[in-house]
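Please read the structure below before turning to the comments.
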Amino acid sequence: MPRPAVRALALAVALTTAAPPSLAPARAQSIELPTLGEAAADDLSPANERKLGEAIMREVRRDPAYLADPDATEYLNNLGYQLVSASPARHMDFSFFAVRDPMLNAFALPGGFIGVHTGLVLAAQSESELASVLAHEIGHVEQRHVARMLAKQRESSAIAIGALLLALLAARSNSSSSGDLTQAAIMGGQAAALQQQLNFSREAEREADRVGFQTLETAGFDVRAMATFFGRMQQGSRIYESAAPAYLRTHPLTTERMGDIQNRIREARVRQRADSLDFHLIRARLRVLQDDSLQGARDAQTHFAGQLRNRSAASEAAAQYGLALASLRLNQTQAAYEAALAARKLTRLASPMLDKIVAETRFAAATTPAEREEALRLAREATQRFPLSRLTALAYVDLMQRAGEHEAAVAYLRQQLAIPRSEPQYFASLAKSYAALNRRTLQHQATAEMYALMGAVPSAVDQLQLARKAGDADFYVLSEVDARLRQLSQQMKEQREELARQGRRAPEEERERRR
């Protein structure tokens with residue numbers, strides 16, 4: 001399946017290079033990146049770094065390769081924050097997310113956004129191996145390597161940075177499908193030169209190794225996993241030189257680095273750590289989600305069935321879980337429900353992912369109102385067992401909406417805390433139920449907030465104007481709409497003025513000009 005450019009989101013540090021504007025694809029003109037401050041400053045402020053990261057993430061989230069899967073997001077953030085809480089970066093904000101890509105890669109964007117390719121999770125043979133990569137990326141953030149490199153390039157215009165963001169998104173992937181974008185922006189030897197600038201320096205890698213190793217040890221993971229996983233990737237790159245893991249191309253693994261890691265292991269107290277149930281479940285889930293085609297689901301179904309038949313699965317519960325998910329995607333609802341029940345019976349450990357798949361498959365296989373009500377009860381009980389779990393909250397809302405219980409869905413969304421109000425999905429869910437209830441003002445109001453959080457301020461303004469015209473809300477709601485409309489209109493005006501000072505057009509003006 002063709003993959004879009006964001007498959008290579010490892011281009012975090014691509015933003016640090018000063019590419020000539022001539023390399024910019026046309027779309028780069030429409031990216032709203034914040035100004036980076038004075039070139040004379042020695043460092044990029046944390047506030048500006050975060051703003052830049054948020055601007056990049058708005059682009060990332062629009063791409064189909066961004067895996068907006070609640071289960072994967074929750075698992076990666078739970079694992080990531082186990083490490084963050086044990087690191088010198090515990091005072092910083094982090095956000096971990098998944099990218100649907102079979103390449104072995106992970107990367108840190110400005111502002112503490114850390115992406116993980118699905119292929120890396122599947123290649124990790126233990127949770128400590130996966131944690132070692134996340135710890136290394138946390139080290140890059142804690143040492144502010146991206147910010148330092150960005151500060152050196154402040155003389156570059158935002159257009160040039162936007163050009164690199166788009167032109168080099170494909171540069172860290174081995175996939176041939178990413179070639180069109182790269183070739184459109186970078187020609188001949190320039191590509192190799194720019195790729196070389198994407199790599200972290202040896203000093204930065206050693207610093208990230210040091211911080212990552214300490215973090216891994218403090219958090220209680222098996223520190224030997226860092227050398228094991230990096231060494232396995234290095235060995236694979238020697239055998240298949242033309243297909244070296246992207247992680248090694250962007251994080252050069254030298255003999256000196258490996259020696260440093262081995263020395264630290266000899267001096268450290270080595271502790272074994274059992275993998276969590278959720279580690280096995282998420283690997284099964286990502287095996288299904290990595291290829292979102294029907295054939296991919298069939299292949300996953302065959303894989304898990306073979307594991308169960310040959311008793312070769314590291315976790316039989318995870319194999320049943322993967323079989324349930326693959327069967328559900330193939331609309332084999334009864335088989336999916338039976339596999340989900342089998343997965344839960346095989347372990348005494350509690351997991352929001354297991355609770356969710358049981359409720360989902362029960363609802364999908366239901367043929368009577370009583371069976372659908374049972375599924376809703378299962379989903380509701382899951383939210384009570386895991387009150388802060390975003391994935392169980394979203395699953396419960398989804399089932400209520402599919403059952404037509406939109407009043408209950410709105411009431412739950414208004415009261416629960418698991419889905420942050422800073423998340424577009426919260427308002428998207430509200431808008432869906434308000435639309436079903438024919439509450440047009442509230443529907444447009446919620447949609448406006450969703451767009452605003454996605455950085456689409458003009459679209460948010462349009463939605464608020466529609467909310468004013470809907471005519472089905474009281475004075476207090478309309479007052480909220482008017483106040484928010486004034487706020488966003490002023491924000492849009494200021495954005496346009498700032499772009500004009502930089503000699504750039506607003507995205508909507510650029511689109512209109514091209515018509």
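Tabulated data
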read-out: Charge tally in the Cβ shell below 14 Å around LEU437, where Lys, Arg are +1 and Asp, Glu are -1, LEU437 excluded; value: +1
read-out: Neighbour-count order for ASP69, ASP472, fewest beta carbons within 10 angstrom listed first; value: ASP472, ASP69
read-out: Note, ³J(HN,Hα) from phi for segment 267-274, Karplus 6.51, -1.76, 1.60, rounded to Hz, x at Gly and Pro; value: 8, 8, 7, 7, 10, 7, 9, 6
read-out: Top positive-direction residue, dipole computed over segment 422-515 with Cβ charges, set ALA500, ALA446, GLN463; value: ALA500
read-out: Listed peptides 135-144, 305-314 by packing density, highest first (mean Cβ within 10 Å); value: 135-144, 305-314
read-out: Diffusion coefficient, µm² s⁻¹, Stokes-Einstein with Kirkwood Rh over alpha-carbon pairs of segment 247-387 at 4 °C and 1.567 mPa s; value: 76 µm²/s
read-out: Hypothetical label at LYS345: residues of segment 361-385 whose amide nitrogen lies under 18 Å (7 Å Cα-Cβ projection); value: 361-363, 365
read-out: Mean Cβ neighbour count within 10 Å, used as a protection proxy, ranking 52-61, 375-384 highest first; value: 52-61, 375-384
read-out: Distance (nanometres) between label positions extended 7 Å along Cα→Cβ at SER489 and LEU388; value: 4.2 nm
read-out: Pairwise centroid distance, computed over Cα atoms, of segment 62-136 with segment 422-501, Å; value: 32 Å
read-out: From phi via Karplus (6.51, -1.76, 1.60), per-residue ³J(HN,Hα) for segment 359-370 in Hz, x at Gly/Pro; value: 5, 4, 6, 5, 5, 5, 8, 5, 10, 9, x, 5
read-out: Built amide H within the under 5 Å cut-off of PHE96, gap 5+; value: ILE114
read-out: Candidate aspartates and glutamates - alpha carbon under 12 Å from LYS345, same-chain residues fewer than 8 apart omitted; value: GLU316, ASP355
read-out: Built amide H within the under 5 Å cut-off of PHE107, gap 5+; value: GLY115
read-out: Proximal aspartates and glutamates to LYS432, defined as alpha-carbon separation beneath 16 angstrom and excluding residues fewer than eight positions away on the same chain; value: ASP398, GLU405, GLU407, GLU423, GLU449
read-out: Gain in span if fully extended, SER312 to ALA435, counting 0.36 nm per residue against the direct Cα distance; value: 39.5 nm
read-out: Packing rank of 284-296, 73-85, 487-499, 113-125, where each peptide gets the mean count of other beta carbons within 10 Å, highest leading; value: 113-125, 73-85, 284-296, 487-499
read-out: Relative exposure of THR447, THR368, judged by other C-beta atoms within 10 Å (fewest first); value: THR368, THR447
read-out: Packing-based exposure ordering (other Cβ within 10 Å, fewest first) of SER429, SER201, SER459; value: SER201, SER459, SER429
read-out: Computed FRET value (nearest 0.05) for ASP482 with SER459, which takes r as the C-beta separation and R₀ as 25 Å; value: 0.85
read-out: Space enclosed by the convex hull of the alpha-carbon atoms of segment 422-515, per residue, Å³; value: 106 Å³
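Every number in this text was worked out from the coordinates using simple rules, so none of it is lab data. Because the structure is predicted, anything quoted here is derived from the model rather than measured. Methodologically, a virtual Cβ is constructed for each residue, glycine included, from the backbone with ideal geometry; neighbour enumeration extends over all protein chains shown.
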